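Quick notes on the structure that follows.
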Amino acid sequence: MYELSRIYDSDRRARREMDALLEREGISRDQHLDYTVGLYDEDGELAATGSCFQQTLRCMAVDGRHRGEGLLAQIVTHLIEVEHERGYDHLFLYTKCDAARFFSDLGFSEIARVDGRVVFMENRRGAFARHLASLAPMKMPGAAAVVMNANPFTLGHQYLVERAAAENPRVFLFVLSEDASLVPFDARLSLVRSGTAHLKNVTVLPSGAYMISSATFPSYFLKEADLVTRAHARLDAAVFARIAAALGVTRRYVGEEPFSHTTQLYNEALCETLPPAGVECVVVPRKSGPEGPISASEVRRLIQSQGVPAIRPFVPDSTYAFFQSEAGQRVVSAICTAGDVTHH
């Protein structure tokens, strides 16, 4: 007989038990979780666990002593019910390749995989194909694409898009839809649209659920940071290649990050994996400001340390005006109390 019980962040003992179980099963607790449950045996021992973050299921594991008892299916069923109660019906998960068949039996279908590393799955069969079909009316052969978080939109982002717009007949600019950034998605989308309004051949689109940022790519079953980065880039490329084909995209522009080892690895992996799919990867050097390359991380750091006036040389007028607005001031408060703002 097993009992389901929610594990709260404040319950340090339960968290330690969860971490120990995950570690025994070769998994590290993901930093992005907003709901966690445990399945306990008659002795009060944690036998299985699973978590959610927004519309993804994560960190699912069963203690080796309890395998073959159907516990993981109970965890998944419970998490799906919780997600439905929270308004998420279209669900995603990432799993090891050898576990994909199990989740397929539970109704999940494969979107893409990085062989030997990770499989990306969803609970709606054919949903990705329908998403691609919905893009078809916008198709323009020879188009380019840019994918950005824009947290917030800077002159560096603007420079990257202007470069792509000058070199291609059409640019599809995807803004990452996930709300895991200090600047909320609606604000980021608005800032990107305002900051690129002068570029008439740029179409700004929300990325939807099929593109995710490095901030929320699940790293819990890949132990080395470089492996996480490369796996994310290769999975990104596998998904993006199909989106590119639907839109006629033959180039993807990415911004260089001269001081970031992680971004360098990410760009290298994209440059290796996109060309075989018919997409050239163009790495554009960052636009420089008074103190070096412009980045969203530096803008957030300046807001935190010196206040909004300090970012004036690094952002478009529309971004600067946003941070002076009432909505922008709430974001400023979040940035100022966030601790390390480099990786948000």
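The values are calculated or read from the model by the stated rules, or taken from the named source; none is laboratory data. Not measured: the values here are computed from a predicted model. Cβ placement follows ideal geometry from the backbone for every residue including glycine, while neighbour counts extend to all protein chains displayed. For the accessible areas, the whole protein counts, side chains as well, though only heavy atoms, and no ligand, DNA or RNA atoms are used. Shrake-Rupley method; radii C 1.70, N 1.55, O 1.52, S 1.80 Å.
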Which residue pairs have Cβ atoms under 6 Å apart, sit 6 or more places apart or on different chains, and have a first residue in the stretch 297-308 that is in contact (Cβ under 8 Å) with a residue 12 or more places away in the chain and a second that is open to solvent by 40 Å² or more (accessible area, probe 1.4 Å)?
Ser297/Thr342; Gln304/Cys336
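Residue by residue, here is whether (1) farther than 15 Å from Leu93 by Cβ; (2) modelled with pLDDT under 90; (3) not in a loop (DSSP other than H, G, I, E, B) holds:
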{"site": "Ser10", "(1), (2), (3)": "yes, no, no"}
{"site": "Arg16", "(1), (2), (3)": "yes, no, yes"}
{"site": "Glu42", "(1), (2), (3)": "yes, no, no"}
{"site": "Thr49", "(1), (2), (3)": "no, no, yes"}
{"site": "Met60", "(1), (2), (3)": "no, no, yes"}
Is it the case, given these coordinates, that Ala245 is in a loop (DSSP other than H, G, I, E, B), at pLDDT 95 or above, of a type in the set (A, V, I, L, M, F, W, C) and more than 13 Å from the chain's Cα centre (by Cα)?
no
Looking only at the stretch 237-266, which residues are within 17 Å of Pro141 (Cβ to Cβ) and open to solvent by 50 Å² or more (accessible area, probe 1.4 Å)?
Arg242, Ala245, Thr250, Arg251
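Sort through Ala310, Ala269 and tell me the only one that's on the phi < 0 side of the Ramachandran plot and open to solvent by 20 Å² or more (accessible area, probe 1.4 Å).
Numbers: Ala269 fails: open to solvent by 20 Å² or more (accessible area, probe 1.4 Å).
After ruling out the rest, the residue left standing is Ala310.
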If the Cβ limit is 6 Å and pairs must be 6+ apart or interchain, which residue in the stretch 5-20 that is under 16 Å from Gly44 (Cα atoms) pairs with which residue that is among the small types (Gly, Ala, Ser)?
Ser5/Gly38; Ile7/Ala14; Ile7/Gly38
Name the residues in the stretch 195-236 that are more than 17 Å from Leu93 (Cβ to Cβ), open to solvent by less than 10 Å² (accessible area, probe 1.4 Å) and at pLDDT below 90, would you?
Ala233
Failed item, numbered, when Cys281 is tested on (1) part of a helix (DSSP H, G or I); (2) closer than 30 Å to Gly248 by Cβ; (3) not aliphatic (A, V, I, L, M)
(1)
For the stretch 37-50, indicate whether the set of residues that are under 26 Å from Thr229 (Cα atoms), hydroxyl-bearing (Ser, Thr, Tyr) and surrounded by fewer than 18 Cβ atoms within 10 Å (Cβ to Cβ) is non-empty.
no
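Could you tell me which of the residues Gln31, Gln55 is open to solvent by 50 Å² or more (accessible area, probe 1.4 Å) and under 19 Å from Asn123 (Cα atoms)? Step through it out loud before you land on a result.
Details: Gln31 fails: under 19 Å from Asn123 (Cα atoms).
Checking each option against the conditions leaves just Gln55.
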Does any residue of the stretch 140-157 turn out to be in contact (Cβ under 8 Å) with a residue 60 or more places away in the chain, in a helix (DSSP H, G or I), within 30 Å of Leu33 (Cα to Cα) and among the hydroxyl-bearing types (Ser, Thr, Tyr)?
no
Look through Ala277, Ala334 and report the one residue that is touching a residue at least 40 places away in the same chain (Cβ under 8 Å) and over 30 Å from Glu167 (Cα atoms).
Ala334
Any residue in the stretch 71-88 that's over 16 Å from Asp41 (Cβ atoms): show its pairings with residues that are among the polar types (S, T, N, Q) at Cβ separation under 8 Å, as long as the two are six or more apart or on different chains.
Leu79/Ser51; Ile80/Asn123; Glu83/Gln55; Tyr88/Gln54; Tyr88/Gln55
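Of all residues in the stretch 67-79 being crowded, with 19+ Cβ neighbours inside 10 Å and β-branched (Val, Ile, Thr), which is farthest from Thr49 (Cα to Cα)? Outline the logic, then answer.
So in the stretch 67-79, the residues crowded, with 19+ Cβ neighbours inside 10 Å come out as 71-72, 75-76, 79.
Checking the rest, the ones that are also β-branched (Val, Ile, Thr) come to 75-76.
Details: Ile75: 7, Val76: 9 Å.
Per the stated criteria, the residue is Val76.
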Scan of the stretch 102-155 for residues that are open to solvent by 40 Å² or more (accessible area, probe 1.4 Å), in contact with a Lys or Arg (Cβ under 8 Å, 6 or more places away or on another chain) and closer than 20 Å to Leu57 by Cβ, ordered by number:
Arg117
Looking only at the stretch 290-302, decide whether some residue is surrounded by 17 or more Cβ atoms within 10 Å (Cβ to Cβ), outside any helix (DSSP H, G or I) and modelled with pLDDT of 95 or more.
no
When Val62 is evaluated against the numbered criteria (1) in contact with a strand residue (DSSP E or B) (Cβ under 9 Å, 6 or more places away or on another chain); (2) surrounded by fewer than 20 Cβ atoms within 10 Å (Cβ to Cβ), which criterion, by number, is the only one it fails?
(2)
In the stretch 170-194, residue surrounded by the most Cβ atoms within 10 Å (Cβ to Cβ) [restricted to those that are among the small types (Gly, Ala, Ser) and at pLDDT below 95]
Ser181
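From Phe128, Phe102, Phe120, grab the single residue that is assigned to a helix (DSSP H, G or I) and in contact (Cβ under 8 Å) with a residue 40 or more places away in the chain.
Values: Phe102 fails: in contact (Cβ under 8 Å) with a residue 40 or more places away in the chain; Phe120 fails: assigned to a helix (DSSP H, G or I).
Residue meeting the stated conditions: Phe128.
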